[in-house]
Amino acid sequence: MYVFGLIDSGYDTCSGSVSDKMSERQTTDPLHGITLKTIVTKLVEWYGWEELGKCIDIRCFTHSPTVASSLKFLRRTPWARGKVEEMYLLWKIRHPDVIESPSSGYDKGREVKPAPVV
């Protein structure tokens, strides 16, 4: 039985829903839910443009770098995007103690204290 292309895509009507299959695949991707903009921004906050350009020698990091120009280049250049994603994953492994807070940014391995209660 053909149902909206689901048989051709490997979907088994007896073993679960499409969302079940998708969530299984998504949990194996360590970058799932993290945008490229977030990755670049976090690496720049931690390393700075100069150090990032030394680690990954691409012009968007070494010549008048901005997040916008880097995103434009990385979205069009899969090999460079792969290097940036790999660097981000290594950074996350090396610095698991970094407490991420949207309002406070990063404190290079030192504990970020919560804001005082008023």
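Only the Cβ atoms of Lys and Arg (+1) and of Asp and Glu (-1) were treated as charged; on that basis the dipole of segment 37-94 about its Cα centre amounts to roughly 260 debye.
Counting 0.36 nm for each residue step from Ala68 to Arg94 and taking away their Cα separation leaves a gain of 6.7 nm. Across segment 48-63, coupling constants 3J(HN,Hα) worked out from phi with the 6.51/-1.76/1.60 Karplus curve, θ = phi - 60°, read x, 5, 4, 5, 4, x, 6, 6, 10, 7, 10, 4, 5, 9, 10, 10 Hz, and Gly and Pro carry x. Couplings 3J(HN,Hα) of segment 85-96, computed from phi: 5, 5, 4, 4, 5, 5, 4, 5, 5, 6, 10, x Hz, in residue order, whole Hz [Karplus 6.51 cos²θ - 1.76 cosθ + 1.60, θ = phi - 60°; x for Gly and Pro].
The Rg/Rh ratio of segment 37-94, with Rg taken over Cα atoms and Rh as the Kirkwood radius over Cα pairs, comes to 0.91.
For segment 29-41, the Karplus equation 6.51 cos²θ - 1.76 cosθ + 1.60, evaluated at θ = phi - 60°, returns couplings of 8, x, 9, 4, x, 9, 7, 4, 4, 4, 4, 5, 4 Hz by residue, with Gly and Pro reported as x.
Values quoted throughout were computed directly from the atomic coordinates according to the rules given, and no laboratory measurement underlies them. Fair warning: this is a prediction, and the values are worked out from it, not measured in the lab. Note: ideal-geometry Cβ built from the backbone for every residue, glycine included; neighbour counts use all protein chains shown.
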